[in-house]
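These notes concern the structure reproduced below.
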Amino acid sequence: MENQVDINKVVRQHLEMEQFFSGFTLKSAAEEPESQGQEDTRVPRGVEGMAVAEKAAELEKIAEEVRRCCQCGLGSTRTNPVPGEGNPDARIMFVGEAPGADEDAQGRPFVGRAGQLLDKIINACGLKREDVFIGNILKCRPPDNRDPRAEEIISCLPYLQKQIEIIEPEVIIALGAHAARTLLDTTKSIGQLRGQFHEYYAGIGRPPIKLMATYHTAYLLRSYTPENRRRVWEDMKKVLAELGLPVPE
Ligand code: URA
């Protein structure tokens, strides 16, 4: 783990400022001033209540931005950026750490061994990959799969925040310590964070989104013990129950 305490502090300070300024663009239509017959062009419209086609179009705009992005050093070392993919109207959004070698080669999230295990977990939940949205904290692969750096998270996180804002999932599942710590702005361990719901704040005036942290599937592959599998499965069952979906035994 690379300077985790410092990374969280740097990212938090930066994001608090971003959040402050972006708050002005996140207002819902209901909060906007009375138009009195004329459209108020000073306040950009929020994205709440968007139709699915509109969400898909907005997500595609973000994917385009990601494809052009060279804000951090990873822009010059990646083969393909990995913007994320899935149902624009997903009830569940999975968030991983960063693309690995397979994802970098294909430009798609979770397509390697860790992705195959994620597919199995999704299917075991009675869902298909197309039902959910799958994204990452970083959209480009760090060389040799090293940990994400603070400056990379700072420049990349707004893409994920915007994706969450558009999709408005009911539950976010943070896979692994990096995703959970970044989204929850904490330095706690994944062992402390998993197994219970937390709240993710998508912006001023928006209700918090439930966030379940669980083990990353790459960790699960490395440590494929009955105990770890049971823990991940318990976490998934809590998510299904929260969403009112059938909970398989
Ligand atoms: N690990 C991640 O965190 N994300 C991917 O997309 C693949 C593996």
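Quick notes on this structure:
- Among the residues examined, Phe94 does not qualify as within 11 Å of the ligand (Cβ to nearest atom), part of a loop (DSSP other than H, G, I, E, B), buried (at least 21 other Cβ atoms within 10 Å of the Cβ) and at pLDDT 95 or above.
- Which listed residue, of Tyr224, Tyr200, is out of contact with any Leu (no Cβ under 8 Å at 6 or more places or on another chain) and among the hydroxyl-bearing types (Ser, Thr, Tyr): Tyr224
- Condition check for Ile209: free of Cβ contacts under 8 Å to residues at least 40 places away in the same chain and in contact with a Phe, Trp or Tyr (Cβ under 7 Å, 6 or more places away or on another chain): no
- Against the criterion of being over 24 Å from Ala90 (Cβ atoms) and either in contact (Cβ under 8 Å) with a residue 40 or more places away in the chain or within 11 Å of the ligand (Cβ to nearest atom) (or both), Ile167 does not qualify.
- Residue list for the stretch 194-249, restricted to those being within 16 Å of the ligand (Cβ to nearest atom) and part of a helix (DSSP H, G or I): Thr217, Ala218, Tyr219, Leu220, Leu221, Arg222, Val232
- Residues of the stretch 98-136 satisfying the condition of being among the aromatic types (Phe, Trp, Tyr) and either more than 8 Å from the ligand (Cβ to nearest atom) or surrounded by fewer than 23 Cβ atoms within 10 Å (Cβ to Cβ) (or both): Phe133
- Annotation: of all residues in the stretch 47-89 being aliphatic (A, V, I, L, M), modelled with pLDDT of 95 or more and assigned to a loop (DSSP other than H, G, I, E, B), the one that is surrounded by the fewest Cβ atoms within 10 Å (Cβ to Cβ) is Ala51.
The values are calculated or read from the model by the stated rules, or taken from the named source; none is laboratory data. Please read these numbers as outputs of a predicted model, since none were measured by experiment. Here Cβ is always computed from backbone atoms with ideal geometry, including for glycine, and neighbour counts include all displayed protein chains.
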